[in-house]
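The values are calculated or read from the model by the stated rules, or taken from the named source; none is laboratory data. A quick note: this is a predicted structure, and the numbers were derived from the prediction, not measured. In this analysis, Cβ positions are derived from the backbone assuming ideal geometry, glycine residues included, and neighbour counts consider all displayed protein chains. For the accessible areas, the whole protein counts, side chains as well, though only heavy atoms, and no ligand, DNA or RNA atoms are used. Shrake-Rupley method; radii C 1.70, N 1.55, O 1.52, S 1.80 Å.
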Amino acid sequence: MEEAPFIGIVRHRIQTDGKGVSTLAAFHGCPLHCRYCLNPQCQREGVWRTFTPESLYEEVKIDQLYFLATGGGITFGGGEPSMYPDFIVRFREICGPEWNLTLETSLNVPADNIRRLSSVVNQFIIDIKETNDEIYQLYTGLSNRRALDNLQELLQEGRGDDLIVRLPLIEGYNTQEDIERSTGKLRAMGVEHFDFFTYRTDIHK
């Protein structure tokens, strides 16, 4: 297995982006180019370290007792972790079934990537941003069609209880009315769990 690039690892996260005590392992690289990217180093020469699945496991297993006691585990973020399905599938083989694996993803990757990951990931935190494709393209540079198709497939697989959809209010791009429209469309698709928040755009100015 080849090495994958990472921008950082953050330990001892509690109920922030996964169940129990979790460790965030953030991949480098993303297909989107969001105006207010929370981790812009994932698009630049921001590679902190590279790992194989085996070496990442050796790095994070120090917290196994916390994971097992709290139902926690590893949250793969980034960047876009869904760009690395082979890595994550192999990591699951190494860590075994007891760790909770959470994926923070835009779902804007090939459908086969998500199909492969669905078999090994416990929870998805999905940054849909907007269901309006025009707004989504203005903000990210890509269409949201692939993301919504992948979301629909996960819902059809019965993964609705295992996913949270994030809908941010983004100054200059969408409004509260846009969020309400997106929420209605996503509820009609079968989404039940949402995370609503406002981007701090002032820190990027």
- line: If amide H atoms are modeled at 1.01 Å from N in the peptide plane, then the residues at a separation of 5 or more from PHE194, or on another chain, having amide H under 5 Å from its own are VAL165
- prompt: Tell me, what ³J(HN,Hα) does each residue in segment 146-163 have, in order and in whole Hz, if you take phi through Karplus 6.51 cos²θ - 1.76 cosθ + 1.60 with θ = phi - 60° and put x for Gly and Pro?
  reply: 5, 4, 5, 5, 5, 4, 4, 5, 4, 5, 5, 6, x, 8, x, 6, 9, 9
statement: Per the 1/(1 + (r/R0)^6) rule, R0 = 45 Å and r from the Cβ atoms of LYS61 and LEU155, FRET efficiency to 0.05 is 0.85
query: Ignoring ligands, DNA and RNA, how do PHE27, PHE197 rank by accessible area with a 1.4 Å probe, largest first?
result: PHE197, PHE27
Amide H contacts under 5 Å for PHE27, placed H, 5+ residues apart: ILE7, GLY77, GLY78
- prompt: Per residue, how many Å² of accessible area does the chain show with a 1.4 Å probe?
  reply: 49
For peptides 50-56, 173-179, 98-104, 73-79, sequence by mean Cβ density within 10 Å, most packed first: 73-79, 98-104, 50-56, 173-179
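How much of the pair distance distribution for the chain lies past 22 Å, counting alpha-carbon pairs only, in percent?
On the way: 9916 of 20910 pairs.
Tail of the P(r) past 22 Å holds 47 percent of the pairs.
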- prompt: Quick one: what Rg and Dmax do you get for segment 70-173 from the alpha carbons, in Å?
  reply: 14.0, 44
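Using 0.36 nm per residue, how much length does the chain from ARG187 to VAL10 gain when fully extended, once their Cα-Cα distance is taken away? Mind showing how you got there, number by number?
Values: separation 177, 0.36 × 177 = 63.72 nm, distance 3.26 nm.
That works out to 60.5 nm of additional length.
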query: What residues qualify as long-range amide H neighbours of ALA4, i.e. H under 5 Å apart, gap of 5 or more or another chain, H built at 1.01 Å from N?
result: PHE51, THR52
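Using the crude model of +1 on Lys and Arg Cβ and -1 on Asp and Glu Cβ, and no other charge, please compute the dipole size for the chain relative to its Cα centre, in debye to 20.
It comes to approximately 220 debye.
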